[in-house]
Structures are given as C-alpha cells and as structure tokens.
Amino acid sequence: MATYTGRVRHGVVVLDNGNELAEGTLVRIEPLEEPVASTAQGRARLLSLAGTITDLPSDLARNHDHYLYGHQKE
C-alpha cells in the first residue's frame, strides 16, 4: 500500500505532488510533526540548549573523535 503526504487546506486534505485518490477511497489520517525549520527559529531552538550540559570534558572540541569513536586523543 502506498503512503502519501499532504496538507489540510480549507478543511480538505490536499495531497503533495498532485497525487489523487479515487472517490470513496478509505484512508487513515495520521498528523505529522512539522520538521524544525533551518531558519532563525531552528537556530534559536539550538541556542536555547547551549550550556545546559555542564559535565562535558574540557577537551571535547579538540578530541571529539576520541569521545565519539574511540580514536587516539590529540
């Protein structure tokens, strides 16, 4: 079974990419969360997290590959 996405416009679901379903087709509607915008709103959300973790290693920026993948420290 195919999956389609779309948006509600004036109370009617309009499918993306011009897709159409036959009249009377039984459907299941599952609202999706909007993706985080890559604009000022998204940056603001990321900045709101800055400084919230206080127990990070002091050399994390320099040795992030060590902490993520186990590489040798610089």
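The values are calculated or read from the model by the stated rules, or taken from the named source; none is laboratory data. Just so it is clear, the structure is predicted and the values come from calculations on it, not from any experiment. Note that each Cβ is placed from the backbone with ideal geometry, even for glycine, and that neighbours are counted across all protein chains shown.
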Inset, instruction - Kindly establish whether D65 is outside any loop (DSSP other than H, G, I, E, B), out of contact with any helix residue (DSSP H, G or I) (no Cβ under 7 Å at 6 or more places or on another chain) and surrounded by 10 or more Cβ atoms within 10 Å (Cβ to Cβ). - result: yes
Legend entry - Answer residue from region 10-62, given it is of a type in the set (V, I, T) and either modelled with pLDDT of 90 or more or assigned to a helix (DSSP H, G or I) (or both) and is farthest from Q72 (Cα to Cα) among those: T25
